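**Student:** Below is the structure I would like to discuss, written out as structure tokens.
The values are calculated or read from the model by the stated rules, or taken from the named source; none is laboratory data. Please read all numbers here as calculations on a predicted model, not as lab measurements. Positions of Cβ are generated from backbone atoms using ideal geometry, with glycine treated the same way; all protein chains shown enter the neighbour counts. The area values use the complete protein model at the heavy-atom level, side chains included, leaving out ligands, DNA and RNA. Shrake-Rupley method; radii C 1.70, N 1.55, O 1.52, S 1.80 Å.
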Amino acid sequence: FAPFYTSVASFETDIFAKKAKVLSIGVPSDVVESAGIWVGSNSRILFVCPSIQTDRYYHGPQYQSFKTHLGELPHTIIGYQETYVPDPNVVGYVSQLKLHEYFTTMRVLFYPSLEKRHIQYHPIEAAIYGMPIIYFKDSLLHELAGGGDLPGSCNDYQEAYVKLKRILNGDQIFIREILASQKQIPSTFLPSNVELNWEKNFINDIFASRIFKSEMTE
């Protein structure tokens, strides 16, 4: 049983907890090569929210909450849409080249997930680019950042609004504090760390032990 994150392994019970080996996953090489290139010249919020009209359980409510609490702030929403969304800020699917541009130039990423055992790729990519992220406490992103009272973490949308506005207004001291606090977010996903993790948990603990048992049987 190979969960991606320790928070998943620790949540399991019985045989799944006993047999769990955390095998982390990596990010593409082109993302790693883009480390630290964020400039933030476009004073808008980047929000990734696909399937707004068709996903009434997850992304649809996220979109409505964003528009209700943060909609007056300048923003761009990306993500594939199965049906047309009557909102000029929703640009839909974007190419990898355009996504690279957004991660480089947009002022801040807002990530609304409250999931404790799941995270989407884009906040990891944004952290590698060096883009400040505003997110909610007690999420997996918060855990990956180190937990506690971090500059980018928020208790609610009201706090998120205040912090996003400070970033959009160019508060450089606050931006530097956020960037310093989120440096460890990508560490689990960097190729060098993934390789070490797989060498220990897969090659040494699983693969080698299976070979050893096979030889003993023969």
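**Student:** Only residues in segment 151-169 that are farther than 22 Å from GLN184 by Cβ count as the first member; pair them with residues that are of a type outside the set (Ser, Thr, Tyr) and open to solvent by 30 Å² or more (accessible area, probe 1.4 Å), Cβ under 6 angstrom, at least 6 apart or cross-chain, and list the lot.
**Tutor:** TYR157/HIS69; LEU168/ARG107
**Student:** For ILE124, indicate whether it is under 15 Å from VAL39 (Cα atoms), in a helix (DSSP H, G or I), in contact (Cβ under 8 Å) with a residue 40 or more places away in the chain and open to solvent by less than 30 Å² (accessible area, probe 1.4 Å).
**Tutor:** no
**Student:** Further question: Examine segment 175-183 for a residue that is open to solvent by less than 20 Å² (accessible area, probe 1.4 Å), in a loop (DSSP other than H, G, I, E, B), of a type in the set (S, T, N, Q) and closer than 28 Å to VAL32 by Cβ, and state whether such a residue exists.
**Tutor:** Yes, segment 175-183 contains at least one residue that is open to solvent by less than 20 Å² (accessible area, probe 1.4 Å), in a loop (DSSP other than H, G, I, E, B), of a type in the set (S, T, N, Q) and closer than 28 Å to VAL32 by Cβ.
**Student:** Would you call LYS116 surrounded by 13 or more Cβ atoms within 10 Å (Cβ to Cβ) and modelled with pLDDT of 95 or more?
**Tutor:** no
**Student:** Could you grab me the full set of residues in segment 1-21 that are surrounded by 18 or more Cβ atoms within 10 Å (Cβ to Cβ) and either assigned to a helix (DSSP H, G or I) or under 19 Å from the mean Cα position of the chain (by Cα) (or both)?
**Tutor:** PRO3, TYR5, VAL8, ALA9
**Student:** Now, a different point. So which residues in segment 27-38 are surrounded by 12 or more Cβ atoms within 10 Å (Cβ to Cβ) and hydroxyl-bearing (Ser, Thr, Tyr)?
**Tutor:** SER34
So that you can scan it fast, the table gives a plain yes or no per residue for (1) at pLDDT below 95; (2) surrounded by fewer than 18 Cβ atoms within 10 Å (Cβ to Cβ); (3) under 20 Å from the mean Cα position of the chain (by Cα); (4) in a loop (DSSP other than H, G, I, E, B):
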residue: ILE25; (1), (2), (3), (4): yes, yes, yes, yes
residue: GLY40; (1), (2), (3), (4): no, no, yes, yes
residue: PHE47; (1), (2), (3), (4): no, no, yes, no
residue: PRO61; (1), (2), (3), (4): no, yes, yes, no
residue: HIS100; (1), (2), (3), (4): no, yes, yes, no
